[in-house]
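*Asks:* I am attaching a structure below and will ask some questions about it afterwards.
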Amino acid sequence: MNIRHKHKAAFHKEYGKPLVIEDVITPIPKDEEVLLKTISVGICHSDVHIWKGEASWPLPMIPCHEVIGRVAVKGDRVPENVRIGETAIFYYAVYTEEDKYTRRGLTQHAKTMKHYMGGLQEYILIPHYKFLVNADGLKDLPAAAPLGCAALSAYGAVKKIRHEVEPDDYVAVIGLGGLGIFALQWIKTFVPQVNIIGIDIREEALNFSSRIVKVDELINASKEDPAKAIENITRGEGVKAVIDFVGSSETLSTYIKTLSPLGIYVLVGLAGIRGLTLPSSFTILDLECKIQGNSMGSLPDLYDVVDFARRGRLNYIDVVTKRWRFNAEEINTAFKELHEGKVLGRQVIVFE
């Protein structure tokens with residue numbers, strides 16, 4: 001594979017300002033490192049939080065962490081089973097040392113873990129080959145980039161409720177963007193015996209999600225009181241589980257009251273990134289409910305996610321509704337449209 005001495009990368013230079021594309025030196029991998037030639041990159045809401053300055057990150061920086069690419073060059077300590085030209089998805093919660101969490105497969109909680117950005121460039125240096133999950137055999141490689149975060153985070157969230165619900169219970173999914181639509185699919189896979197309530201404030205998001213997954217009930221929270229709607233749908237029983245992909249004080253205070261006794265509330269979204277107001281302790285104590293955080297998913301989880309997608313048991317292709325080219329105008333339009341709530345599902349920047 002012919003590797004250029006320099007390649008192009010998109011940079012955040014100032015919070016809230018347009019990204020700019022510059023030439024950078026193409027690194028040469030050593031030891032366990034791998035150089036990945038980027039196929040596509042997904043744009044996540046966390047990328048927008050960083051762009052807006054809501055999540056502290058030193059600038060300048062190359063954004064994005066949902067990456068799929070081809071192995072271009074590998075260090076001299078990378079084993080032969082990692083092949084030049086193979087496709088791979090990057091697990092971006094990298095860590096430098098094994099510990100009690102990684103030994104249990106909970107890699108997202110490694111003591112030395114850090115979120116590794118830098119996907120929005122033509123080549124990305126992966127610090128260790130173990131963070132690459134082979135993606136050969138996927139039907140649509142550019143659409144597969146969001147498997148590394150959106151599908152993975154939704155997978156982790158649904159795993160947290162699957163042993164908490166029983167047949168005919170109700171599960172509410174708040175926010176039917178890219179993660180929410182993946183969550184609907186995981187629920188159908190892991191707990192198909194439950195009733196699903198999908199909730200969003202955009203009618204177009206409700207319609208879009210229903211074209212991908214059959215949902216029992218849909219609620220437009222901008223047109224009706226969602227708590228009353230849930231009460232009517234569940235005949236006063238409430239929902240056994242809530243998965244909140246918005247994560248604001250408003251959604252938490254509204255939907256935790258819809259839980260049935262012994263229910264579980266899984267927080268995934270980052271809308272309350274600057275501070276989240278917890279509901280009254282009376283609500284939590286009275287219901288004996290639990291509030292569960294969700295930090296993406298583990299490296300073993302990502303192997304599962306890619307395997308489900310490869311076998312056609314996860315519709316990741318139709319979740320991607322916009323494919324942009326790698327140039328400054330289209331990249332900045334993609335960030336702007338996501339910030340303004342104009343994106344359905346997920347969008348990717350395509351390099352090849």
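*Asks:* Any residue that is under 19 Å from VAL305 (Cα atoms), surrounded by fewer than 24 Cβ atoms within 10 Å (Cβ to Cβ), in contact with a strand residue (DSSP E or B) (Cβ under 6 Å, 6 or more places away or on another chain) and not aromatic (Phe, Trp, Tyr) - is there at least one of those in the range 166-181?
*Replies:* Within the range 166-181 (the criterion being under 19 Å from VAL305 (Cα atoms), surrounded by fewer than 24 Cβ atoms within 10 Å (Cβ to Cβ), in contact with a strand residue (DSSP E or B) (Cβ under 6 Å, 6 or more places away or on another chain) and not aromatic (Phe, Trp, Tyr)), the answer is no, since none of the residues qualifies.
*Asks:* Which one of VAL133, VAL158, VAL78, VAL94 is in the same structural domain as PRO192 (by TED's automatic domain parsing) and of a type in the set (A, V, I, L, M, F, W, C)? Can you show your working first?
*Replies:* Numbers: VAL133 fails: in the same structural domain as PRO192 (by TED's automatic domain parsing); VAL78 fails: in the same structural domain as PRO192 (by TED's automatic domain parsing); VAL94 fails: in the same structural domain as PRO192 (by TED's automatic domain parsing).
After applying the criteria, what remains is VAL158.
*Asks:* So ILE124 fits all but one of (1) touching a Phe, Trp or Tyr at 6+ places or on another chain (Cβ under 8 Å); (2) surrounded by fewer than 21 Cβ atoms within 10 Å (Cβ to Cβ); what number is the exception?
*Replies:* (2) is the only condition that ILE124 fails.
*Asks:* When you go through ASP216, ASP169 one by one, which is the residue that is closer than 24 Å to LEU344 by Cα and modelled with pLDDT of 95 or more?
*Replies:* ASP216
*Asks:* Right, something else. Is it the case that some residue within the range 227-237 is at pLDDT 95 or above, more than 21 Å from LEU314 (Cβ to Cβ) and crowded, with 23+ Cβ neighbours inside 10 Å?
*Replies:* Yes, the range 227-237 contains a residue that is at pLDDT 95 or above, more than 21 Å from LEU314 (Cβ to Cβ) and crowded, with 23+ Cβ neighbours inside 10 Å.
*Asks:* Which residue pairs have Cβ atoms under 9 Å apart, sit 6 or more places apart or on different chains, and have a first residue in the range 331-342 that is touching a residue at least 12 places away in the same chain (Cβ under 8 Å) and assigned by TED's automatic domain parsing to the domain that holds TRP51 and a second that is part of a helix (DSSP H, G or I) and surrounded by fewer than 16 Cβ atoms within 10 Å (Cβ to Cβ)?
*Replies:* Pairs found: HIS339/LYS52.
*Asks:* Looking only at residues in the range 193-215 that are in a loop (DSSP other than H, G, I, E, B) and of a type outside the set (S, T, N, Q), which one is nearest to the chain's Cα centre (by Cα)?
*Replies:* At the first step, the residues of the range 193-215 found to be in a loop (DSSP other than H, G, I, E, B) are 193-194, 201-202, 213-215.
Keeping just the survivors that are of a type outside the set (S, T, N, Q) gives 194, 201-202, 213-215.
Numbers: VAL194: 23, ILE201: 20, ARG202: 20, VAL213: 18, LYS214: 21, VAL215: 21 Å.
Per the stated criteria, the residue is VAL213.
*Asks:* Okay, next question. Looking only at strands (runs of 3 or more DSSP E) that lie completely in the range 246-352, which have at least 2 residues being of a type in the set (Lys, Arg) and at pLDDT 90 or above? Don't jump to the end; show me each part of the working.
*Replies:* Values: elements: 259-267, 290-293, 320-325, 346-350.
Counting at least 2 such residues, we get 320-325.
*Asks:* Filter the range 319-334 down to the residues that are surrounded by 14 or more Cβ atoms within 10 Å (Cβ to Cβ) and either under 26 Å from GLN108 (Cα atoms) or among the charged types (D, E, K, R) (or both), then identify the one that is farthest from the chain's Cα centre (by Cα).
*Replies:* GLU330
*Asks:* Additional query: Taking the stated definitions as given, is PHE190 aromatic (Phe, Trp, Tyr) and in contact with a strand residue (DSSP E or B) (Cβ under 9 Å, 6 or more places away or on another chain)?
*Replies:* no
*Asks:* Moving to a separate point now. When the range 250-270 is examined, which residues are found to be touching a Ser or Thr at 6+ places or on another chain (Cβ under 7 Å), surrounded by fewer than 24 Cβ atoms within 10 Å (Cβ to Cβ) and over 15 Å from ALA221 (Cβ atoms)?
*Replies:* Residue satisfying the conditions is LEU270 alone.
*Asks:* Might you check whether a residue that is part of a loop (DSSP other than H, G, I, E, B), surrounded by fewer than 17 Cβ atoms within 10 Å (Cβ to Cβ) and in contact with a strand residue (DSSP E or B) (Cβ under 6 Å, 6 or more places away or on another chain) occurs anywhere in the range 133-142?
*Replies:* We begin by selecting, within the range 133-142, every residue part of a loop (DSSP other than H, G, I, E, B); these are 135-141.
Now narrow it down to the ones that are surrounded by fewer than 17 Cβ atoms within 10 Å (Cβ to Cβ): 136-137, 139-140.
Still in the list and also in contact with a strand residue (DSSP E or B) (Cβ under 6 Å, 6 or more places away or on another chain): 136.
Taking every residue of the range 133-142 in turn, at least one turns out to be part of a loop (DSSP other than H, G, I, E, B), surrounded by fewer than 17 Cβ atoms within 10 Å (Cβ to Cβ) and in contact with a strand residue (DSSP E or B) (Cβ under 6 Å, 6 or more places away or on another chain).
*Asks:* Restricting to the range 148-192, count the residues that are in a helix (DSSP H, G or I) and touching an Asp or Glu at 6+ places or on another chain (Cβ under 8 Å).
*Replies:* Adding up the residues that qualify gives 7.
*Asks:* Please work out if GLU33 is within 21 Å of VAL78 (Cβ to Cβ) and acidic (Asp, Glu).
*Replies:* Yes.
The values are calculated or read from the model by the stated rules, or taken from the named source; none is laboratory data. From a predicted model like this one, the values you see are computed outputs, not experimental measurements. Because the Cβ atoms are built from the backbone with ideal geometry, glycine has one as well, and the counts that use them run over all protein chains shown.
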